[in-house]
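Below is one structure, written out as structure tokens, with a few remarks after it.
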Amino acid sequence: MTAPGRKAAVTSVQPRGAGASRRVFLTASAALGGGLLLHAVLPDLACAETAHRRLATARPLNAFIAIAPDGIVTIIAKNPEIGQGVKTMLPMLIAEELDVDWKDVRTEQADLDVAKYGRQFAGGSTATPLNWEPMRRVGAAGRAMLVAAAARIWGVAPSACSTAAGIVHHAASGRTLSYGVLVEKAALLPVPNLETVRLKDPKDFTIIGQPLPGVDNRSIVTGKPLFGIDVASPGMLYAVFEKCPVFGGKVGRANTDAIKRLSGVRDAFVVEGGNNPLGLVGGVAIVADSWWAASKARKQLQVTWDEGPTAEQSSAGFASAAQELAKRPPARWLRRDGDAAAAFARAARTIEAAYFYPFLAHLDLEPQNCTARVRAGKVEIWAPTQDPEGGARMVAATLRVPESNVLVHVTRVGGGFGRRLRNDYMAEAAWIARQVGRPVKLLWSRQDDIQHDFYRPAGFHFLKGGVKGDGTLVALTDHFVTFGHGDQVAASAGLGQTEFPAQFVDNLEFGMSLLPLGVPTGPLRAPGANALAFVFQSFLDELAHVAGKDPLAFHLALLGRRREPLNASAGSNPEHGLDAGRLRGVLELVAEKSGWTKRHLLPKGTGMGIASYFCHLGYFAEVVRATVVSSGTVKVDKVWVAGDIGSQIINPSNAENQVQGAVLDGIGEALGQAITIERGRVVEANFDTVPLLRIHQAPPVEVHFRITEHPPTGLGEPALPPVIPALCNAIFAATGKRIRSLPIDTTQLRRA
């Protein structure tokens, strides 16, 4: 990994214009105990793809700033912190424009309160595009009020005053007043129009752009209880929950009476549940004085299960069925441009390839857990969740109580990656707590976590491509075999109509067929993109070699052949589609930084691969250098990353960490972590069979940012997709053997 403290490199591109502003509403009041309380109503965006559009109507998001008489500024962190750095980054935006010293800023995690904060969630790399300008305007308005208060005291014009580090200055007289002295008077002043408050010129930033440590870092390394797994409540009991190993199965019989008699066990009972994996499913709960006692009793639990129809499904069966479907025309067409058949007939060379990627689990280091207390129809929850509002809604529906009766305390999350957008563990804990009439902490085992996930769907792609004599890509087709329920595509199992290289190839067809699936699926970091990038960026590398072209040159030439109109998805605003110039920019930058043109000097058995991708409004290109030894073992020597996430890197330290983490995540997925289904259940059970990337496998990751004119966007997800195909393309460069199936089977790379 890159040495601690080293800044990620930044390359600037001259801006042409500023991003659009969005309406923000602000009210002010005096805080209890003295001070100024700012209440902001910020716009919500329907999704990340519309993050830079000015919306005519918007749902409210609220941010609170409290300034105490001693000058300490407390900023409420409304969104869950899942390791993406939002608890540090969003306060930085406010503090910058408020013009306070960062050392005087404190943050507090908000409970779920829709009335105050609007939507509170973590997902989609949306925090930056949603809040970049609105949160800064909140800080700027607070500063304007404090300046106005000082100006009134001095009898001068506000324009004659300036601020720095929490102090208002009047240069002409040399007078100063601290924010702490001014807060009570400022709280009585009218709120300025947030559309017209003056924002800082980026050249004057003192907080934004600085590499700041996370606000929770010290607490984490010193073991302060922050996470859901740390929660303790007076009189709390501990619970485990045994579910059918087959998805959708139900309890037949269980020896709960015998379990109740075991030492330390307070209760054991069957939970009927339902068939919807998004809600409470059936199982057996054991409640005890300690988690150890509950877990020990679970080993003696005997359950007869009604496994249901999913017991007939398996990974081998899916693969066989996909092969059969591939022999037929797709069940539906997603896109048909030009005449692919005619283009193939006149192509100089064609190639066909079948690609596969497996189911993946999220593998959060903190297993799913939740503490719940239910009394007098009121439910109190402590949970590490990415979507507390969705969790409260689920708990309310499960217990049949008003949603207003559910209070959710949001803890820090020990890894989410999309898993904690599903809140099944919250419904389980609430149900069990109501049954026993005591506060209960439900804690999943690692096996529970791996075998009862909402998995990244597997997928099968049957591709054909053709190139002309000059190396131009003339046609490409993909018959995508994926999963669904009836005619509905399973969660996160789809293929967009504009998946690259759609709109860049004159003759292109995307077809799709569905396999029935009883395994629950859902989003995993960079959903969809984490799989599709592997397929299409690898196949484009194959086509480059078939065409006799340098893969970089082939890719750049393809980006120069954009078809109009270019949209991000059907019905979306064209401005949020793939910008070929930005993708070219990161490709050229990563090629320069990695020494791509000198790769022919690498020793035998070592190769370099390149890939790029656009998702979640971010543009990334990556080069991997990998060595494959005679035994087939793959060593990733180094990764170079070039990213374009707009005009400002808010916290370079966190940005670099996010990119490095995403890259290592992708490498881990490529080298292992496959989930296998047999008889409707997951075979793998722990980190011995679903191995995470080990420290000795983690390569240095060199990060470069290309600064462009566009509003800043998030980067928790877009840095992941390119590394998987870049690694596979590097392996081909090193060995001549093409990786078309994940995880990488090193036995196929052995040399005699």
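Laboratory data are not the source of any read-out in this text; all were calculated from the coordinates shown. None of these values were measured; they are calculated from a predicted model. Note: ideal-geometry Cβ built from the backbone for every residue, glycine included; neighbour counts use all protein chains shown.
Which residues' amide hydrogens lie under 5 Å from the amide hydrogen of ALA458, considering only partners 5 or more residues apart or on another chain, with H built in the peptide plane?
Those qualifying (amide H under 5 Å, at least 5 residues apart or on another chain) are PHE359.
Given charges of +1 on the Cβ of Lys and Arg and -1 on the Cβ of Asp and Glu, with all other atoms neutral, how large is the dipole of the stretch 389-525 about its Cα centre, in debye to the nearest 20?
780 debye
Report relative contact order for the chain in percent, whole number only (criteria: Cα-Cα under 8 Å, sequence separation at least 6).
15 percent
Highest first, please rank the peptides 252-259, 139-146 by the mean number of other Cβ atoms sitting within 10 Å of their residues.
139-146, 252-259
Can you tell me what share of the DSSP beta bridges in the chain is antiparallel? A percent to the nearest 5 is fine.
Around 75 percent antiparallel, to the nearest 5.
If packing is taken as the mean number of other Cβ atoms within 10 Å per residue, what is the order of 187-196, 419-428, 277-286, highest first?
The most tightly packed comes first, giving 419-428, 277-286, 187-196.
Okay, helix-only estimate at 222 nm for the chain: each DSSP H run of n ≥ 4 adds -39500 (n - 2.57), divide by all residues, round to 500 deg cm²/dmol; what do you get?
-8000 deg cm²/dmol
In debye, nearest 20: dipole of the chain around its Cα centre with unit charges on the Cβ of K, R (+) and D, E (-)?
Dipole magnitude for the chain comes out near 440 debye.
Three principal axis extents, largest first, for the C-alpha atoms of the stretch 709-752, in Å?
53, 19, 12 Å, listed from the longest principal axis down.
Which of rounded, prolate or oblate describes the stretch 444-560 when judged by the alpha-carbon gyration tensor and an a/c cut-off of 1.5?
The shape class here is prolate.
Calculate, in nm to one decimal, what GLU588 and GLU108 gain on full extension: separation in residues at 0.36 nm each, minus their alpha carbon distance.
Here the answer is 168.6 nm.
Please work out whether the chain counts as rounded, prolate or oblate from its C-alpha gyration tensor, where a ≥ b ≥ c are the square roots of the eigenvalues and a/c under 1.5 means rounded, while otherwise a/b larger than b/c means prolate and anything else oblate?
Oblate is the answer for the chain, as a/c is 1.5 or above yet b/c matches or exceeds a/b.
At 0.36 nm per residue, and after removing the present C-alpha to C-alpha distance, how many nm does the segment from SER314 to LEU189 gain when stretched out fully?
Working it through step by step, the gained length comes to 38.3 nm.
Taking a ≥ b ≥ c as the square roots of the Cα gyration tensor eigenvalues, with a/c under 1.5 meaning rounded and otherwise prolate when a/b beats b/c, else oblate, which class fits the stretch 578-732?
It comes out oblate by the Cα gyration axes.
What is the packing order of peptides 621-628, 147-154, 212-219, 328-335, taking the mean over residues of other C-beta atoms within 10 Å and listing the highest first?
621-628, 147-154, 212-219, 328-335
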